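The values are calculated or read from the model by the stated rules, or taken from the named source; none is laboratory data. None of the values given here were measured: they were computed from a predicted structure. Here Cβ is always computed from backbone atoms with ideal geometry, including for glycine, and neighbour counts include all displayed protein chains. To get the accessible areas, we keep the full protein, side chains included, count just its heavy atoms, and leave off ligands, DNA and RNA. Shrake-Rupley method; radii C 1.70, N 1.55, O 1.52, S 1.80 Å.
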Amino acid sequence: MSIFIKGGRVVDAATGKDTIEDIYINDGLIQKMGSNLEFNNADTVIDAAGKLVMPGVIDLHVHLRDPGLTYKEDIESGSKAAARGGVTTIIAMPNTKPVIDSPESLKYVLEKAKRVAPIHVLQTGSMTVGLEGEKLSDIKGMAEAGVIALSEDGKSVMNSALCQKAMEEAVKYGLPILDHCEEINLRGNGCMNEDENSKRLGLPGISNAVEDVITARDIMLAVDAGARLHLCHISTEGVANMMRILKNEGIENVTAEVCPHHFILTSDDIPGDDPNYKMNPPLRQKADVEALIKGLQDGSIQAISTDHAPHSAEDKAGSMATAAFGIVGLETSLPLTYTELVEKGYLTTLQMVEKMCWNPAQILGLTSGTLQEGRPADVIVVDTEKEYTIDKEKFVSKGKNTPFHGRKVKGKVLYTICDGNVVFTENNF
């Protein structure tokens, strides 16, 4: 299929480009870029005048719940939700049932994704068997079968010696580690940030130390092992400060991501005992949000991801004390980031593209995340001018658990192109 995108504002962080250009796509690749091109006989012609044209978003942190928990989400619904949100590559976490901890379970996801997913679905493998933290998974076998990274997502490997061994194995097989940092013994039964709001609501709190302690440990282990460590969904001022220290010292094998809910909301925004505001790590305080935004601005925090965590209405019912952790994000991350960071002047559009596309590609060693001739044609067209309202009832995801329902945003995805195929327009699903 050939596609001609005419006259859009092309923004590409890899080349520093922010200009009005045309793009011609054929055979799954970007074939030609420039001004005043003539490819009007293409199979599809998209008039992108006045619109943002950027690489497809690469989301480093997605829960697809498949296999075993498909009443919450599955590979097809999650990947279609991603396409609607302008995401062309998702990195699926391994905390499914069964856990993705072997070549056999990995094969299930990769083969199903080829059949039903309109975008790229890459799979992480669990660091330990069954996510139980007692014995290393078959890291060699998963590496040979095509796993993209390792993760103990949803928890930390609490045994430091075992965590060190996992990092050594990751180095041996060239795999990054996507790291959920949480001292489970400090967290206890906490369900929101430990502050005046948790006291007001009478709910058990989660201190910043729960995240900071394990983050510091894992950074030291990674530096010692030479492992590529990527810190998932960081939320505290302390971790933001650690990342700045690493940047200043020139340590490049440790990277970090932040989620929109953590750079937009604080615990002050929680209206009451509402599980749609329950996520792990929790919404923190104003100083934490300010530190995260500063880290995105100065480059010490490299990526923006979602931690897309769909749940059924039953799983998110009742009190924050008992409901499941997590919110959805695939269909809202781009508009929220554009509205809250770019529109408000915290980041340029180029910086947003860097955090959502180019840096994630670099972290994983992918050839996408950029708009250059000869590269994969993963491209999105976005309307950054028209305001609209987030409506959870229109989500493609099975999960409707979001604190952003009813929020006005800009940055509506009009077209998503993956491998040179139009996989989403406003009218096709």
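With the requirement that a residue be small (Gly, Ala, Ser), out of contact with any Gly (no Cβ under 7 Å at 6 or more places or on another chain) and either farther than 18 Å from Met142 by Cβ or surrounded by fewer than 23 Cβ atoms within 10 Å (Cβ to Cβ) (or both), what does the range 74-103 give you?
Those that are small (Gly, Ala, Ser), out of contact with any Gly (no Cβ under 7 Å at 6 or more places or on another chain) and either farther than 18 Å from Met142 by Cβ or surrounded by fewer than 23 Cβ atoms within 10 Å (Cβ to Cβ) (or both): Ser77, Gly78, Ser79, Ala81, Ala82, Ala83, Gly85.
Give me the residue from the range 7-37 that is among the hydrophobic types (A, V, I, L, M, F, W, C), under 24 Å from the mean Cα position of the chain (by Cα) and outside any strand (DSSP E or B) and, out of that set, surrounded by the most Cβ atoms within 10 Å (Cβ to Cβ).
Ala13
So, in the range 376-391, of the ones that are touching a residue at least 60 places away in the same chain (Cβ under 8 Å) and open to solvent by 20 Å² or more (accessible area, probe 1.4 Å), which residue ends up farthest from Asp268 (Cα to Cα)?
Pro376
Give the range 267-294 a look and list any residue that's assigned to a loop (DSSP other than H, G, I, E, B) and open to solvent by 20 Å² or more (accessible area, probe 1.4 Å), or say none.
Matches in the range 267-294: Pro271, Asp273, Asp274, Asn280, Gln285.
Could we say that Gln297 is modelled with pLDDT of 95 or more and assigned to a helix (DSSP H, G or I) here?
yes
Have a look at Val223, Val239 and point out the one that is aliphatic (A, V, I, L, M) and under 30 Å from Gly202 (Cα atoms).
Criteria check complete, one pass: Val239.
Taking only the range 328-347 into account, find how many residues are aliphatic (A, V, I, L, M), part of a loop (DSSP other than H, G, I, E, B) and touching a strand residue (DSSP E or B) at 6+ places or on another chain (Cβ under 8 Å).
2
Look through Leu106, Leu122, Leu110 and report the one residue that is modelled with pLDDT of 95 or more, under 13 Å from Ile91 (Cα atoms), in a helix (DSSP H, G or I) and open to solvent by 10 Å² or more (accessible area, probe 1.4 Å).
Leu110
Out of (1) within 21 Å of Asn208 (Cα to Cα); (2) touching a helix residue (DSSP H, G or I) at 6+ places or on another chain (Cβ under 7 Å), what's the single condition that is false for Ile245?
Evaluating Ile245 over (1) within 21 Å of Asn208 (Cα to Cα); (2) touching a helix residue (DSSP H, G or I) at 6+ places or on another chain (Cβ under 7 Å) leaves (2) as the failure.
What pairs can you find where one residue is in the range 238-265 and within 16 Å of Tyr338 (Cα to Cα) and surrounded by fewer than 22 Cβ atoms within 10 Å (Cβ to Cβ), the other is among the acidic types (Asp, Glu) and at pLDDT 95 or above, and their Cβ atoms are less than 8 Å apart, with a gap of 6+ or different chains?
These pairs meet every condition: Ile264/Glu340.
Which pairs have Cβ atoms under 7 Å, sit 6 or more apart or on different chains, and link a residue in the range 27-47 that is touching a residue at least 60 places away in the same chain (Cβ under 8 Å) to one that is loosely packed, with under 11 Cβ neighbours inside 10 Å and among the acidic types (Asp, Glu)?
Nothing qualifies.
Results for (1) more than 20 Å from the chain's Cα centre (by Cα); (2) of a type in the set (A, V, I, L, M, F, W, C), shown as yes or no for each residue.
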{"site": "Ile75", "(1), (2)": "no, yes"}
{"site": "Ala81", "(1), (2)": "no, yes"}
{"site": "Gly86", "(1), (2)": "no, no"}
{"site": "Lys97", "(1), (2)": "yes, no"}
{"site": "Ser102", "(1), (2)": "yes, no"}
{"site": "Val116", "(1), (2)": "yes, yes"}
{"site": "Ser126", "(1), (2)": "no, no"}
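Could you tell me whether Ala309 is buried (at least 20 other Cβ atoms within 10 Å of the Cβ), in contact with a helix residue (DSSP H, G or I) (Cβ under 8 Å, 6 or more places away or on another chain) and at pLDDT 95 or above? Lay out the reasoning, then the answer.
Numbers: buried (at least 20 other Cβ atoms within 10 Å of the Cβ): yes; in contact with a helix residue (DSSP H, G or I) (Cβ under 8 Å, 6 or more places away or on another chain): no; at pLDDT 95 or above: yes.
The answer is no for Ala309.
If you check Val53 against the conditions, is it open to solvent by less than 10 Å² (accessible area, probe 1.4 Å), of a type in the set (Val, Ile, Thr), within 18 Å of the chain's Cα centre (by Cα) and closer than 23 Å to Val11 by Cβ?
Details: open to solvent by less than 10 Å² (accessible area, probe 1.4 Å): yes; of a type in the set (Val, Ile, Thr): yes; within 18 Å of the chain's Cα centre (by Cα): no; closer than 23 Å to Val11 by Cβ: yes.
The answer is no for Val53.
Consider Leu350 carefully, then state whether it is hydrophobic (A, V, I, L, M, F, W, C), under 17 Å from the mean Cα position of the chain (by Cα) and either surrounded by fewer than 23 Cβ atoms within 10 Å (Cβ to Cβ) or assigned to a loop (DSSP other than H, G, I, E, B) (or both).
no
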